[in-house]
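Read the structure below first, then the notes.
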Amino acid sequence: MKTLAPIFEAIERSAHRIREAITNEDLCYGESCNATGDMQLKLDIQSDLIIAEEFSKITAIKAIASEEKKEAETLHPEGRYMIAYDPLDGSSLIDVDLSVGTIYGIYDGEFQAKNMLAAVYVVHGPRLEMVTAYKGGVRHYIFRHGRFQEQETLHLKEKGKLNGPGGTQQYWPPHHKKLIDGLFAEGYRLRYSGGMVPDLHQILIKGGGLFSYPGTADKPEGKLRKLFEVFPFAFVYETAGGEAIDDKGRRLLDLGCDDPHETTPCFLGSKYEIAKVKEAYGV
Ligand code: AHG
Ligand code: MN
Ligand code: MN
């Protein structure tokens with residue numbers, strides 16, 4: 001395969017099928033749908049099956065890893081690319097009809113950030129949108145009149161206006177609270193839906209700001225998964241001219257990954273806000 005075109009096409013087909021499932025299917029999956037503990041939604045599983053089926057048709061894909069499965073799965077041993085994906089991020093927001101999304105990281109070889117070739121996310125909101133980071137450019141597509149139509153290339157400004165602070169505030173470390181309070185004191189506005197895809201999409205489309213999900217007393221390594229959520233968005237943000245670091249000031253894309261479900265504290269934003277993070281964390 002000379003280009004990633006067949007992979008992008010499979011992602012587009014999956015986007016349509018997932019949107020149809022969101023519109024038409026039940027949310028609950030048998031007994032596992034209840035108010036406590038982890039809720040596995042039928043839609044999470046169904047979205048995962050759709051993507052696995054579309055990718056299995058492409059012989060250049062060697063292996064896939066999904067947030068919904070414990071282990072990676074080999075598709076075509078002779079293939080070259082490996083793809084990690086979160087089939088339906090923010091799925092707990094579907095019952096309140098907020099935006100959700102799908103996140104993909106495409107690797108040339110093993111699942112290590114340094115091998116990432118492209119990242120893609122799809123937003124299921126009032127409109128169907130897609131953003132790709134590939135070959136140095138972040139491209140925005142809106143589905144209109146039967147096809148994804150390319151819009152302007154996306155760039156983050158040096159400094160933005162939005163603040164998306166994740167995690168339970170009760171468990172934030174004091175220096176993190178100081179950082180977030182400091183940004184609000186500078187005039188930043190709160191934009192946090194609880195869906196990583198629309199929250200990061202909003203900051204990117206509006207030109208800048210900070211999205212953070214820190215290590216907390218209850219979750220010292222944060223909540224968001226490196227492979228399925230953090231690395232792809234770090235790739236998008238860096239390609240758009242922003243920065244993406246952990247709580248020790250390291251580039252997220254320099255971090256290793258030993259287990260597909262490993263998490264990390266993460267900070268993604270424009271350069272000004274990331275400098276503020278470094279200052280607050282003393283890194
Ligand atoms: P998922 O639905 O795939 O499990 O992930 C949800 C994630 C992410 O979308 C969001 O940023 C984060 O969970 C929200 O967590 P909090 O509710 O703890 O802020
Ligand atoms: Mn997720
Ligand atoms: Mn998910």
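The values are calculated or read from the model by the stated rules, or taken from the named source; none is laboratory data. Worth saying up front: this structure is predicted, and the values here are computed from it rather than measured. Glycine gets a Cβ as well: all are built from the backbone with ideal geometry, and neighbour counts include every protein chain shown. These area figures cover heavy atoms from the full protein model, side chains too; ligands, DNA and RNA do not enter into them. Shrake-Rupley method; radii C 1.70, N 1.55, O 1.52, S 1.80 Å.
Data for the structure
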| read-out | value |
| --- | --- |
| Qualifying residue in the stretch 128-139 (condition: outside the structural domain of residue 237 (by TED's automatic domain parsing), among the small types (Gly, Ala, Ser) and crowded, with 16+ Cβ neighbours inside 10 Å) | yes |
| Residue check, residue 96 open to solvent by 70 Å² or more (accessible area, probe 1.4 Å) and either among the hydrophobic types (A, V, I, L, M, F, W, C) or not assigned by TED's automatic domain parsing to the domain that holds residue 16 (or both) | yes |
| Count of residues meeting criterion [open to solvent by less than 10 Å² (accessible area, probe 1.4 Å) and more than 13 Å from residue 176 (Cβ to Cβ)] in the stretch 263-283 | 6 |
| Residue list for the stretch 54-69, filter: away from ligand 3 (no atom under 14 Å from the Cβ) and of a type outside the set (A, V, I, L, M, F, W, C) | 54, 56, 57, 59, 62 |
| Residue selected from the stretch 140-162 under the condition in a loop (DSSP other than H, G, I, E, B) and of a type in the set (A, V, I, L, M), by the criterion surrounded by the most Cβ atoms within 10 Å (Cβ to Cβ) | 156 |
| Selection status of residue 267, under 20 Å from residue 203 (Cβ atoms), within 15 Å of ligand 1 (Cβ to nearest atom) and in contact with a Cys (Cβ under 9 Å, 6 or more places away or on another chain) | no |
| Set 79, 167, 109: member being assigned by TED's automatic domain parsing to the domain that holds residue 271, open to solvent by less than 40 Å² (accessible area, probe 1.4 Å) and free of Cβ contacts under 8 Å to residues at least 60 places away in the same chain | 167 |
| Of the criteria (1) among the aliphatic types (A, V, I, L, M); (2) free of Cβ contacts under 8 Å to residues at least 12 places away in the same chain; (3) touching a Leu at 6+ places or on another chain (Cβ under 7 Å), which one residue 245 fails | (2) |
| Answer residue from the stretch 81-126, given it is among the acidic types (Asp, Glu) and assigned to a loop (DSSP other than H, G, I, E, B) and is farthest from ligand 3 (Cβ to nearest atom) among those | 110 |
| Options 232, 260, 198: the member that is within 22 Å of residue 88 (Cα to Cα), open to solvent by 10 Å² or more (accessible area, probe 1.4 Å), part of a helix (DSSP H, G or I) and within 14 Å of ligand 2 (Cβ to nearest atom) | 198 |
| Condition check for residue 197: among the β-branched types (Val, Ile, Thr), within 16 Å of ligand 3 (Cβ to nearest atom) and touching a Cys at 6+ places or on another chain (Cβ under 6 Å) | no |
| Selected residue (criterion: farthest from ligand 1 (Cβ to nearest atom)) from residues of the stretch 52-80 that are under 19 Å from the mean Cα position of the chain (by Cα) and assigned to a strand (DSSP E or B) | 64 |
| Filter result (of a type in the set (Phe, Trp, Tyr) and under 18 Å from the mean Cα position of the chain (by Cα)) within the stretch 111-154 | 111, 121, 134, 141 |
